[in-house]
Structure formats: C-alpha cells, structure tokens
Amino acid sequence: MKSKRFIFKDHKADMFIEAYGKSYPEALENCAAGLFETICDASKLKERKKLLVKEKASTLEQLTTFLLNKIVSEGDAREMMYKRMKVIKFEEKKGMYSVKAQVFGQEAVHKLGRMYVKAVTHHEATVEKKGKNWLIRVLPDI
C-alpha cells in the first residue's frame, strides 16, 4: 500500500491541506499535490508545459506559502492547471531559506475544475519536523 502523501482536514471557514514527507522538499511536493487536487482533478492532466518557480523567505512557513501563492497566481495568469511539482533545489543559508521547483501541467480544462483557490494564506500555516518526518499544514482561501 502506498503511504499517505496528504489529507484534507476541515476548518471552521475553509479546509486545511496537511502534507507529509521524509524531508521538507518531499512534504512541499506533497503539499503542492494537495493544492492541485483541490483546484482540479490533477490525475487527468498531462505534463505538457512546465513552470520554473523560485522563492526565498526567512521561515519555512513563509517559504511554503509564498511558493504556493506564486504557483496559484501564475496558474491564473497563464490559464494553467498543474499536476505535479518537483523541488530542484532547497537550501538554508544565513538564516534564509530558498527553493527552486519545476511545476508540470497543461492548459486549463474547465470540466476538470473543482474549486477556485484565491490564495494560500499564511494564517495558521505550520511546518514541523516530527521525528524523522515532516508535516506541512496550509489553509487555502477558497
């Protein structure tokens, strides 16, 4: 059986995406997968186009929400839906975190749409290392 990558959790106003991984980059990829599944049926998308995204921040929570927001806004601007994200580079240097990732998807297919995500809020966002595993929790504004 494949291990759990992400789950949806109820929130009083919206819903959380809670993602897991053996490293922060893996948990971030899984969090992006949860975001993409919120927006559309990502399993039915092709990887026809790719988008390179980079972000820097002073905390992992900021890095996570800034990166996911960049993907949401680029998807809106380009009329794209995304299937998968792959972290290319992640580092911490002098108290700053940076990430570079490739996002794969295709032109928006509206019949595959589920919910419109306006943004990924920083409110209640958490990034935690629990033992050997990582947990990321974000709250999309839907």
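Every number here is computed from the coordinates shown, using simple stated rules; none is lab data. All figures in this text were calculated on a predicted structure; none of them were measured in a lab. Heads up, the Cβs are rebuilt from the backbone with ideal geometry, glycines too, and the neighbour counts pull from every protein chain shown.
List the residues, sorted by chain then number, that are 5 or more residues from Ala119 or on another chain and whose placed amide H is less than 5 Å from its amide H.
Close amide H contacts, sequence-distant or interchain: Asp141.
Give the angle, between 0 and 90 degrees and rounded to the nearest 10, that separates the Cα long axis of helix 24-39 from the longest principal axis of the Cα atoms of the chain.
Around 30 degrees separate the two axes.
Only helical DSSP H runs with n ≥ 4 go in: add -39500 (n - 2.57) per run for the chain, normalise by residue count and round the 222 nm mean residue ellipticity to 500 deg cm²/dmol.
When only DSSP H runs of four or more count, the value is -8500 deg cm²/dmol.
Given (i) 53, 28, 25; (ii) 65, 26, 24; (iii) 42, 33, 32, which label gives Cα extents along the principal axes in Å as computed from the coordinates?
So the calculated entry is the one marked (iii).
Full extension from Arg48 to Glu107: what is 0.36 nm times the residue separation minus their Cα-Cα distance, to one decimal in nm?
20.4 nm
What does the net charge come to around Ala27 if you take all other residues with beta carbon closer than 14 Å to its beta carbon, with K and R at +1 and D and E at -1?
+3
Which entries of Lys49/Lys129; Lys44/Lys93; Lys44/Lys130; Lys100/Lys129; Lys46/Lys130 have Cα-Cα distances beyond 31 Å here?
Lys49/Lys129; Lys44/Lys93; Lys44/Lys130; Lys46/Lys130
Subtracting the Cα-Cα distance from 0.36 nm times the residue separation, let me have the gained length for Glu92 to Lys22 in nm, one decimal.
23.5 nm
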